[in-house]
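The values are calculated or read from the model by the stated rules, or taken from the named source; none is laboratory data. Just so it is clear, the structure is predicted and the values come from calculations on it, not from any experiment. When we count neighbours, we look across all protein chains shown, and the Cβ atoms used for this are built from the backbone with ideal geometry, even at glycine. Note: areas computed on protein heavy atoms with side chains; ligands, DNA, RNA excluded. Shrake-Rupley method; radii C 1.70, N 1.55, O 1.52, S 1.80 Å.
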Amino acid sequence: MSDLSTWFQVLLLGLPATLIATVGGIALTVVLSFVAGLALLSPSRTVRVVSRIYVEGLRGTSEVVQLFWIFFALPVLVGFQIVPIWAGVLVLGLNHGAYGAEIVRGAVQSVPRAQYEGALALSLSPAQRMRRVILPQAVVEMLPPAGNLFIQLLKSTALLSFVFVQDVTRQAHDVLIPAFNPYVFPILLLTLAFYLVLSLLITAGMRALERVAGRRLGRVAVGVG
Amino acid sequence: MTWDWNYVADVLPALLDGLRITVIATLLGSLVALVLGLVFAVLMRGPAPVRVVVRALVEFVRSTPLLVQVFFLFFVLPQFGVTLGALVVGVIALGLHYAAYNSEVYRAGIEAVPRGQWEAATALSLPRSRVWTGVVLPQAIPRVLPALGNNVISMFKETPLLIGIGVLDIVGQAREAGNTTFRYVEVYTIAGLLFLVLSYPAALLVRRLERRVVGT
Amino acid sequence: MIVFEGVEKRFGDNVVLSDLDFTVASGEHVTLIGPSGSGKTTILRLLMCLEAVSDGVIRVGGRPLSHMEKGGRLVPADEKHSREVRKHIGMVFQQFNLFPNMTVRGNLVEAPTRVLGLSRDEADARAVELLDLVGLAEKIDEHPSRLSGGQQQRVAIARALAMRPDVLLLDEVTSALDPELVAGVLKLLREIGETTDITILCVTHEMGFARDFSHRVMMFDGGRIVEDAPPEELFTAPREPRTQEFLRAVLGR
Ligand SMILES: Nc1ncnc2c1ncn2[C@@H]1O[C@H](COP(=O)(O)OP(=O)(O)OP(=O)(O)O)[C@@H](O)[C@H]1O
Ligand SMILES: [Mg+2]
């Protein structure tokens, strides 16, 4: 039993890195998703093409390769080394942002045409139209697929152990497995449990957001009617 | 200092050999995932205890990192007397992980088959196994081929994490080369391009299939 | 041929059929009429074992359908027993439910080869003969999606007949059809009624058809039989007020 608490504490030492990578990655993902997603819908052809290249390029290559490229190749080109955890956040954000961009684009396009026309009739500026009319409705559509995307991102944080980030996975692999080899079964089960709990937290958080967003939308509709 | 074509020529054979391993892992892993995913999906319509257990397994597999699952099989299987090569363990892990995803895909396809089809098959007294193989699956599977195809492509891009257990796939070869020469730009750029060159056309193909399926 | 003994069917707390007793003789044509939700479809689905009875016993050809005899007692039927009894019952659905992944031929030979163990040639010969009967011989290698609703329904009838059933269940088989296609299907059913000795249980809103096709009409309401009489009697001089009201509503008189 004391073994179990040792393992737990060792894994816990990796939790901050896993959490920073997850939260930072999600934050960057959200920003990039909106920027690239709206850019995909831009009236300017150049903006659309640039965004399309970003989306297809990042979705078309492997996340591990992206990670190694930023961690090993980029320093050669720019002349300085990025702290592993931030390299990790950058890759997680860039990669999942490309997937998120498609979610944003799809959700915005799913808002009924009449809503655009209604906003146009109120002579709102294009930016106001997007911010005040279209996005609030689109966000409700985005939340369920975003929840899945964030769980994917959480799972991808384990890859950062390849570039020396001391996350939960690396704690298990580098510290616990060599030290407690006969017990790999319970140790790795415990490690998986760590991630399961984090996944469930993300799911619960997204459910709460979906409820809030749904209610907001209800209130907006009442206010307008 | 930035790009050396001679070096590229030197490492390319090794990278292509790695690509071969990546493709093999993807194909075998997908085979496992396609079959096992279907088994999961069918079991999810079985009696309550089976359904609950399979459901829980699928959720668990989908909620935890593939890399840790790979470690799990790699380190735990030998303790039960099962010693397999790293590539085989990798194929099993990829297959199991994506079977969980595919089971959801199949499930959606199965649920899209109208109830009347089940009832007509039952009314004709067709045995249960034939209802599946003759009536339900032939209608469910064509609809979900694009989604299954997307999962094959996703798996392809995820195989590099098998370097964690020493599989010398494309990234494994790139890393070996990079670590001996300390030249990383070429190897990782080429590795990335190789992924792009294979996965992007595949993705376009799947999108075309998607439009055709929607069209029917 | 068919016997209902104190049959009850509940969905949760909702009692759909209660304490139902009736018999249908061999070769008899019985039509069920009644308002929507009165339980007509449920009776056919119970006979087809698509639903399980909550209480009571159904017998077909003397054998209990929902139950089987084991050591002199009736115990709930297992899958094997249900399938055995069901082999003698055919059903045609409102929505045809042809298998879209098979040709017309495939639809017709599937069950005879897989369930009755006919050879491919025997089943094929039977399919050709039945398609001749329903007037669709030239469509044998078409896919169902390329047929009109009326044609699909005629294929569905042929598919049910291919099992050489003793009992045929018809649930509003013309309700999903365009008006001009209804007559063809009804004509086919009359022909089948006249030329075979199959016991037929039929739910329909076509009162004209019910009148000249059936030997007996049962009026349902709220899961009970309100009136059970020969058609000439029930349609011209209904005894029960509920029947009179219902007929007034559907016949618009
Ligand atoms: N699977 C089910 N679950 C719950 N309730 C059901 C189910 N099937 C039927 N019912 C209920 O049973 C009652 C009888 O339904 P049934 O389909 O037998 O009526 P019906 O006489 O065929 O009506 P209609 O003329 O509309 O076809 C209805 O109240 C219906 O809501
Ligand atoms: Mg009905």
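Quick grid of which residues meet (1) closer than 30 Å to C:Ala127 by Cα; (2) within 14 Å of another protein chain (Cβ to nearest Cβ):
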site: C:Ile58; (1), (2): no, no
site: C:Gly61; (1), (2): yes, no
site: C:Met68; (1), (2): no, no
site: C:Ser82; (1), (2): yes, yes
site: C:Lys87; (1), (2): yes, yes
site: C:Phe96; (1), (2): yes, yes
Item checked: Options C:Val24, C:Val30: the member that is in contact (Cβ under 8 Å) with a residue 24 or more places away in the chain, under 16 Å from the mean Cα position of the chain (by Cα) and within 16 Å of ligand 2 (Cβ to nearest atom) -> C:Val30
Next item on the list: Look through segment C:221-233, keep the residues that are more than 20 Å from C:Thr199 (Cα to Cα) and in contact with a helix residue (DSSP H, G or I) (Cβ under 7 Å, 6 or more places away or on another chain), and return whichever of them is nearest to ligand 2 (Cβ to nearest atom).
Entry: C:Asp221
Checklist line | Hey, B:Thr83 over 26 Å from A:Leu160 (Cα atoms), within 24 Å of the chain's Cα centre (by Cα), open to solvent by 60 Å² or more (accessible area, probe 1.4 Å) and within 14 Å of chain C (Cβ to nearest Cβ) or not | finding: no
Notebook entry, point to check: Are any residues in segment C:19-51 within 12 Å of ligand 1 (Cβ to nearest atom), open to solvent by 40 Å² or more (accessible area, probe 1.4 Å) and of a type outside the set (Val, Ile, Thr), and if so, which ones?
Noted result: C:Ser36, C:Gly37, C:Glu51
Check: Would you pick out the residues in segment C:33-59 that are within 14 Å of the chain's Cα centre (by Cα) and hydrophobic (A, V, I, L, M, F, W, C)?
Finding: C:Ile33, C:Ile43, C:Leu44, C:Leu46, C:Leu47, C:Met48, C:Cys49, C:Leu50
Checklist line | Selected residue [farther than 28 Å from C:Arg248 by Cα, among the small types (Gly, Ala, Ser) and either within 16 Å of ligand 1 (Cβ to nearest atom) or open to solvent by less than 20 Å² (accessible area, probe 1.4 Å) (or both)] from C:Ser66, C:Ser54 | finding: C:Ser54
Next item on the list: Name the one entry in C:Ala158, C:Ala127, C:Ala183 that is open to solvent by 40 Å² or more (accessible area, probe 1.4 Å), more than 11 Å from chain B (Cβ to nearest Cβ) and among the aliphatic types (A, V, I, L, M).
Entry: C:Ala183
Note to self: Between B:Glu59, B:Glu104, which is charged (D, E, K, R), more than 30 Å from B:Thr181 (Cβ to Cβ) and open to solvent by less than 60 Å² (accessible area, probe 1.4 Å)?
What the structure shows: B:Glu104
Notebook entry, point to check: So which strands (runs of 3 or more DSSP E) stay within segment C:199-243 end to end and still have 1 or more residues that are charged (D, E, K, R) and open to solvent by less than 50 Å² (accessible area, probe 1.4 Å)?
Noted result: C:216-221, C:224-229
Next item on the list: Could you please let me know if C:Ile58 is in a strand (DSSP E or B) and either more than 16 Å from ligand 2 (Cβ to nearest atom) or at pLDDT 85 or above (or both)?
Entry: yes
Next item on the list: Could you grab me the full set of residues in segment B:179-216 that are in contact with a Phe, Trp or Tyr (Cβ under 9 Å, 6 or more places away or on another chain) and aliphatic (A, V, I, L, M)?
Entry: B:Val185, B:Val187, B:Ala191, B:Leu198, B:Ala202
Check: Any chance segment A:77-93 includes a residue that's under 20 Å from A:Lys155 (Cβ atoms), within 11 Å of chain B (Cβ to nearest Cβ) and surrounded by 15 or more Cβ atoms within 10 Å (Cβ to Cβ)?
Finding: no
Note to self: I'd like to check something: does segment C:166-174 contain any residue that is away from ligand 2 (no atom under 16 Å from the Cβ) and aliphatic (A, V, I, L, M)?
What the structure shows: yes
Check: How many residues does segment A:186-200 contain that are among the aliphatic types (A, V, I, L, M), more than 8 Å from chain B (Cβ to nearest Cβ) and surrounded by fewer than 21 Cβ atoms within 10 Å (Cβ to Cβ)?
Finding: 3
Margin query: So, in segment C:186-195, exactly how many residues are open to solvent by 40 Å² or more (accessible area, probe 1.4 Å) and either touching a residue at least 12 places away in the same chain (Cβ under 8 Å) or within 16 Å of ligand 2 (Cβ to nearest atom) (or both)?
Written below: 2
Next item on the list: Return only the number of the condition from (1) touching a His at 6+ places or on another chain (Cβ under 7 Å); (2) on the phi > 0 side of the Ramachandran plot that A:Leu149 does not satisfy.
Entry: (2)
Item checked: Failed condition for C:Val16, given (1) within 16 Å of ligand 2 (Cβ to nearest atom); (2) open to solvent by 30 Å² or more (accessible area, probe 1.4 Å) -> (2)
Note to self: If a residue counts only when it is at pLDDT 95 or above and closer than 27 Å to B:Leu77 by Cβ, which helices (runs of 4 or more DSSP H) contained entirely in segment A:82-197 have at least 1 such residues?
What the structure shows: A:135-156
Next item on the list: Go through segment B:88-119 and count every residue that is within 14 Å of chain C (Cβ to nearest Cβ) and either without any contact (Cβ under 8 Å) to a residue 12 or more places away in the chain or at positive phi (or both).
Entry: 4
Next item on the list: Select, from B:Pro160, B:Pro146, B:Pro142, the only residue that is open to solvent by 20 Å² or more (accessible area, probe 1.4 Å) and either in contact (Cβ under 8 Å) with a residue 12 or more places away in the chain or within 12 Å of chain A (Cβ to nearest Cβ) (or both).
Entry: B:Pro142
Next item on the list: For C:Leu46, state whether it is within 14 Å of ligand 2 (Cβ to nearest atom) and in contact with a helix residue (DSSP H, G or I) (Cβ under 9 Å, 6 or more places away or on another chain).
Entry: no
Checklist line | Among (1) hydrophobic (A, V, I, L, M, F, W, C); (2) within 15 Å of ligand 1 (Cβ to nearest atom); (3) touching a residue at least 12 places away in the same chain (Cβ under 8 Å), the one test that C:Val85 misses | finding: (2)
Note to self: Please count how many residues of segment B:172-202 are closer than 30 Å to B:Ile141 by Cα and more than 7 Å from every other protein chain (Cβ to nearest Cβ).
What the structure shows: 4
Notebook entry, point to check: Looking at segment C:100-124, which of the residues that are part of a helix (DSSP H, G or I) and β-branched (Val, Ile, Thr) is farthest from the other protein chains (Cβ to nearest Cβ)?
Noted result: C:Val104
